[in-house]
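Single-structure report; data block below.
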Amino acid sequence: MAGSLGRLFRGFQSFTSLPATRAQLSHPPAFFSSRTMVTLPSFLSSKPRDFSLPNSSWGPEMLRLYELYNSQCEVETEGGEKQEGSWQRLPSYNRSLKFATGGVYLSKIIQSKARLFTRNIREQGAAFEYVLFNNKEEQRCVGIFQAGHLLEGPPGHVHGGAIATMIDTVTGTHATILSGPVMTANLNINYRSPIPLGSTVLIESSLDTKEGRKTFISCKVTSTDSSKLHTESTALFLSINVSHLLRGG
Ligand SMILES: CCCCCCCCCC(=O)SCCNC(=O)CCNC(=O)[C@H](O)C(C)(C)COP(=O)(O)OP(=O)(O)OC[C@H]1O[C@@H](n2cnc3c(N)ncnc32)[C@H](O)[C@@H]1OP(=O)(O)O
């Protein structure tokens, strides 16, 4: 079991350089830009669903920002060759274990009914719609998040716990890219202005510092034009060994 988990976490450490992941970074076909896109049901497809790709529930602002960052994932040189751009789209599956292998490995170690919290609601657009992009050089990660109607807290606005979940998701993914397997030790959140249900927001994560096992990250949630600050946060992640999860923390 420890050997399998070891392989898994080595997968996490190569999170941003997997061949399967690279293959998914190219521009999506033109029809992804359309609101009328048709997605095959997952049981008809041999590949697990990548939730970071647009679906028909995405509104114009979500799609616009997706296109903005996605267009910077691959650039064309003067010679006409394609090469990696400054941003990388991060694929997203309904089990966190799938991140380790670009979606192909389903562990039998951890109960098979387990699902990633943010990716387990069948109705598209009902809850967490998001896509993450990473900028390795700038040590920044950006989440584009469209909040669905099931995430209501105060009337007409997003629940604070759902906002915390998304901050933990963006900063946790960012910390994993920077430091390998980590767990959230501390998450400190200031809620500055409510987020209307159905709206799209930007979640920007940046590395503050790394000290030994500790990765300190700052995060802010803003309107998509950055004019309105919704939430500010700092987070501490601690690098962990496989054995930490095996012995139940
Ligand atoms: C790619 C995947 C995509 C998925 C993204 C989603 C990301 C979601 C991430 C999560 O939500 S993880 C789940 C929520 N977190 C947990 O359940 C963690 C529960 N806590 C633990 O398991 C342990 O407390 C922890 C691993 C965080 C730390 O235990 P350790 O035994 O490894 O550390 P230790 O207690 O020895 O402390 C090490 C250092 O960290 C410091 N430290 C530990 N906890 C701290 C804390 N909470 N605040 C500040 N400092 C802390 C501690 O003081 C010490 O500092 P010094 O080395 O300077 O003395």
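Please treat every number below as a calculation from the coordinates, not as lab data. As the structure is a computational prediction, the values presented were derived from the model and not from experiment. Note: ideal-geometry Cβ built from the backbone for every residue, glycine included; neighbour counts use all protein chains shown.
Largest first and in whole Å, the equivalent-ellipsoid semi-axes of the stretch 156-247 read 27, 14, 10, each the square root of five times a Cα gyration tensor eigenvalue. Database remark: amide H of Ser52 closer than 5 angstrom to the amide H of Ser92 (H placed geometrically; neighbours at sequence offset of 5 or more, or on other chains; Pro and chain starts carry no H).
Between Lys228 and Ser223, the built amide H atoms are under 5 Å apart, and every one of these is 5 or more places off in sequence or on another chain.
3J(HN,Hα) couplings calculated from phi for the stretch 212-226 with the Karplus curve 6.51 cos²θ - 1.76 cosθ + 1.60 (θ = phi - 60°) are, in sequence order, x, 7, 9, 10, 9, 10, 10, 8, 9, 10, 9, 4, 5, 9, 6 Hz; Gly and Pro show x. Residues whose amide H falls under 5 Å from that of Gly153, counting only those 5 or more places apart or on a different chain, are Val158, His159, with hydrogens built in the peptide plane. Electrostatic tally near Val131: other residues with Cβ closer than 14 Å to its Cβ, Lys and Arg +1, Asp and Glu -1, net -1. Summing charges over all other residues whose Cβ lies under 15 Å from the Cβ of Leu150, with Lys and Arg as +1 and Asp and Glu as -1, gives -1.
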